[in-house]
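Q: Dumping the structure here so I can ask a few things about it.
The values are calculated or read from the model by the stated rules, or taken from the named source; none is laboratory data. Predicted model only: the values in this text are computed from it and were never measured. When the accessible area is computed, the model is the full protein with side chains, heavy atoms only, and any ligands, DNA or RNA have been set aside. Shrake-Rupley method; radii C 1.70, N 1.55, O 1.52, S 1.80 Å.
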Amino acid sequence: MSNLHDSRCLPDRPVSVVLGAGAVRGMAHIGVLEVLCEAGFHVSELIGTSVGALIASFHGAIGRDMMWVREAGLGVRSAHLLTWALIRRLPLSTRRRYHRFAGGIPQHIADLEQGSFATMHHRLTRVGIVSFDLISQRQIVCHSDQPCLSLVDAVRGAVAVPGLFQPWGCESGGVRYKLVDGGTRDRLPVDVVFEPPFQPTQVIAVDISTRMDHRQESLDRLAKLRGRFPQVPIDCICVDTLKGRSVVYRHSHSMRFLEAGRRAALEYLSRTAAGQDLAYGSRPGRYDVAGAAAGWRHETS
């Protein structure tokens, strides 16, 4: 097993956090961020795709605190998501009358429409929203330093899950976009943080995959990044989400994922403080080279 003692994130320096794709499993991101903040970490850069983009935008760009983000996440039910997907397929003239069946989603959209990348909050220096453009067939990274899209267009594109939501069409700077969920091509876009304008001094990626092979792909990429950027500590918190729910779920699943994120982050911190190899929630001896347990079983009942 690799020696990981020289590549471990600590609260005495700013940290860039990357939040992966995962629908309702994104509640785990909230749990992780809560624990990191409670432990004194200064999150200076927040990059997200899919549900991670939602969290990054509301916390960093709009300025909601983590308690608000937690309550907003818990307030969104599976039925609200499915209803909103159906509403988006109705004629514009009739959509509004059905908004009441979509819970808080219409208000959240209105907040995004009123928001912008102009001011960062909670000591963040920059935010990155990652989507995929079907027209150019390339990843789109909209960052707060010089945004290529409005906040609402960037986020609505980043969360346009194929099969559930239609691609988000928009135009900016004379360029037309047809955006879909960034997680369809890159479930954990850690590479983004090593491209300008991001300036990572240490990186924590949060993986909320449902499949072991997807998780392993991300961990393999993290290992390569460690080789390319040995001066930057890169860790990965793999939350207990394997075989977890996505869009169709019960409210109890939201709470479970939230608590799973907190447990994973607390274990990460306890291992770091103890000076041990980073591994949590795993079977003995199963480690990955990026500083986190490779994965484990998640019960979905």
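Q: So what's the angle, to the nearest 10 degrees on a 0 to 90 scale, between helix 105-114 and the longest Cα principal axis of the chain?
A: Roughly 90 degrees between the two axes.
Q: Under a 5 Å amide H to amide H cut-off, with H placed in plane at 1.01 Å, what residues pair with Cys238 once short-range neighbours are removed?
A: Hits under the 5 Å cutoff: Asp207, Ala293.
Q: Return the percentage of antiparallel bridges among DSSP beta bridges fully within the chain, rounded to the nearest 5 %.
A: 45
Q: Quick one: Kirkwood hydrodynamic radius for the range 192-233, alpha-carbon pairs, angstrom, one decimal?
A: Mean inverse Cα-Cα distance, inverted, gives 11.4 Å.
Q: How big is the Kirkwood radius of the chain, worked out from every pair of different alpha carbons and given in Å to one decimal?
A: 19.2
Q: Shifting gears a bit: So what is the diffusion coefficient of the range 42-89 in µm² per second by Stokes-Einstein at 25 °C and 0.890 mPa s, using a Kirkwood Rh over Cα pairs?
A: Rounded to a whole number, D works out at 204 µm²/s.
Q: Let me ask you something else. Give the span of the range 1-120's Cα atoms along each principal axis, as three whole-Å numbers ordered largest to smallest.
A: 59, 35, 20
Q: Next question. Output the relative contact order of the chain, whole-number percent, from Cα pairs under 8 angstrom with separation of 6+ residues.
A: Relative CO of the chain lands at 25 percent.
Q: Report the rotationally averaged projected area of the range 88-146 based on its alpha-carbon convex hull, in square nanometres.
A: Averaging across all directions leaves 6.2 nm² for the Cα convex hull.
Q: Run lengths n ≥ 4 of DSSP H only: what is the helix-derived mean residue ellipticity at 222 nm for the chain, with -39500 (n - 2.57) per run over all residues, to the nearest 500?
A: -10000 deg cm²/dmol
Q: If you find the alpha carbon centre of the range 76-105 and of the range 189-225, how far apart are they in angstrom?
A: Comparing the Cα centres of the range 76-105 and the range 189-225, I get a distance of 33 Å.
Q: Another question about this same structure. Using protein chains only and a probe of 1.4 angstrom, how many square angstrom of Glu267 are accessible, to the nearest 10?
A: That residue has around 60 Å² of solvent-accessible surface.
Q: Rg (Å, one decimal) plus Dmax (Å, integer) for the alpha carbons of the range 221-268?
A: 14.7, 43
Q: May I ask for log10 I(q)/I(0) of the range 13-58 at q = 0.21, 0.27, 0.34 Å⁻¹, from a Debye sum over the Cα atoms as equal point scatterers with solvent left out?
A: Taking Cα atoms of the range 13-58 as identical point scatterers yields -0.64, -0.98, -1.26.
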